[in-house]
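A short worksheet on the structure shown next.
The values are calculated or read from the model by the stated rules, or taken from the named source; none is laboratory data. Keep in mind the model is a prediction, meaning the values are calculated, not measured. Here the Cβ positions follow ideal geometry from the backbone for every residue, glycine too, while neighbour counts run over all protein chains shown. Each accessible area value is taken on the protein alone, full model and side chains, heavy atoms only, with ligands, DNA and RNA left out. Shrake-Rupley method; radii C 1.70, N 1.55, O 1.52, S 1.80 Å.
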Amino acid sequence: MVEKGFDITLADSQATPAQRIEPEDFDFGRYHDYESGLLQGNMKFFEADSGIQVYRRMRGEGVYYDKCREHSDSLALQLGVLEKSMGYKADIANFLEPWYGIGYIASAFGGEYIWEEGQAPAVEPMFETAEDILNADYMPIHQSPVGRVILERIEYFLEKTGGQIPISYSDVQAPVNMFSYLMSMSDFCMDLIDEPETVEKAAGLLGDLLIEFLQKQRELLGDVLVKPGHGFASSRCFAGVGESTDNVVMFSQEQYSSVFKSIHERLGGEFGGVVFHSCGDWSNKLEMVTGFKNILTVDGAFSPQTDPICNPPAKFRELLSGTGIILNARCVGYSDTVLPYFKELIGKDMKVIAVTYCQDPADQEKLYEQLHSLYENSK
């Protein structure tokens, strides 16, 4: 296959087309048995110092934009891709996510979702400075309008699935991302330069609100909870919490670490570790991140069909080899297209979850066998 670049005409380059399935038509027992059959391999991988697992990620079309609005639409679309996922060779099962946008922190400060036709919900900045955030009235996220919907969605999913399907936390946004839902990025950048101590205090507040919200979700989910959640390969046998930290690319290692390191480590301490994600090429922050306490996994895109500015595989292999830190490596494309990137990442001292998106089950099985062979031949 000829390698292609990022397709800007797609609403979601990582989505998989599937028919929606209503809860009454889904075979929950079959999926529970399917997931259970993979858990021993998940545990063996998680406890090892190196290894390979293949995860065929299934994202329901529309779930992560306008189709998140109704509980019933989100569940039916996600059940559709869960059913389809069982036809693809993989080591890790897919899961449900109670996704309802990423602006729940704004709701805690009185912000409201803006719903544009066909789009995910958005929010408008409400503050000019981090000091304004510290001085503002707020409520716990789980008591806010958006937070309540997310918890109600968890309860709806649990009721309709009978607790037989794995469910993750809703999309976890790190404090550095949360600031961009509360104030403009230009104001935030100036504050980080001029008032880093104030930003650090505000980040601590946002972190406190996030931790409490995740605790509420964990209580509701119980033993159906899979970790670390959202866009990361997740299992009942894995640990930690995954967070989106995309704005990290805007700052130096020293600048970012001095303000945000403590909240990452505190989050990891509470939830058994942290999984670090950023879109784009964030390889120049990898050395900093691997120095944080409680880092279990790092996530990145490694093919141009996944992200137009993807990561260099060599840098990740250099810094992660022998550390035991898992690399959640995402590569959209046909098997022949993405195999060269995985060849640069998989080795006897690496611990890699190869996240694939092959549309054809036969192509997925071919890639699955190639990826496992790469690791076995490296030992």
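Details
- Using a Förster distance of 51 Å, the FRET efficiency for VAL249-GLU24 (Cβ separation, nearest 0.05): 0.70
- DSSP beta bridge pairing in the chain, given as percent antiparallel to the nearest 5: 5 percent
- Its Cα gyration tensor gives the chain an equivalent ellipsoid, and the semi-axes of that ellipsoid, as √(5λ) in whole Å with the largest first, are 31, 26, 19.
- Surface share of carbon and sulfur [accessible, 1.4 angstrom probe, percent] for the stretch 115-178: 42 percent
- Helical contribution to [θ] at 222 nm, DSSP H n ≥ 4, -39,500 (n - 2.57), averaged over the chain, rounded to 500: -13500 deg cm²/dmol
- Translational diffusion of the stretch 119-232, µm² s⁻¹ [Kirkwood Rh, Cα pairs; Stokes-Einstein; 20 °C; 1.002 mPa s]: 138 µm²/s
- Here the contact order of the stretch 111-249, divided by its residue count and restricted to Cα pairs under 8 Å and six or more residues apart, works out to 32 percent.
- Between ASP33 and SER258, the contour length at 0.36 nm per residue exceeds the alpha carbon distance by 76.4 nm.
- Per residue solvent-accessible surface (Å²) - the stretch 1-137, probe of 1.4 Å: 48 Å²
- In this structure, PHE6 and ARG218 have a Cβ-Cβ separation that, at R0 = 51 Å, corresponds to a calculated FRET efficiency of about 0.90.
- For the listed residue pairs LYS261/LYS343; LYS4/LYS348; LYS84/LYS315; LYS4/LYS351; LYS44/LYS379, the alpha carbons are over 23 angstrom apart in LYS261/LYS343; LYS4/LYS348; LYS84/LYS315; LYS4/LYS351.
- Computed E for ASN135/ASN284 - FRET, C-beta separation, R0 41 angstrom, nearest 0.05: 0.75
- Protein-only accessible surface at a 1.4 angstrom probe places the residues GLU61, GLU116 in the order GLU116, GLU61, largest first.
- Surface listing: TYR34, TYR138 arranged by accessible area from highest to lowest gives TYR138, TYR34, probe 1.4 Å.
- Between LYS343 and GLU124, residue separation times 0.36 nm minus the direct Cα-Cα distance comes to 74.5 nm.
- Spin-label model distance (nm) - GLN143 vs GLU195, 7 Å beyond Cα toward Cβ: 2.5 nm
- Probe 1.4 Å - accessible area at LYS89, Å² to nearest ten: 90 Å²
- The chain, relative contact order [Cα under 8 Å, separation at least 6], %: 19 percent
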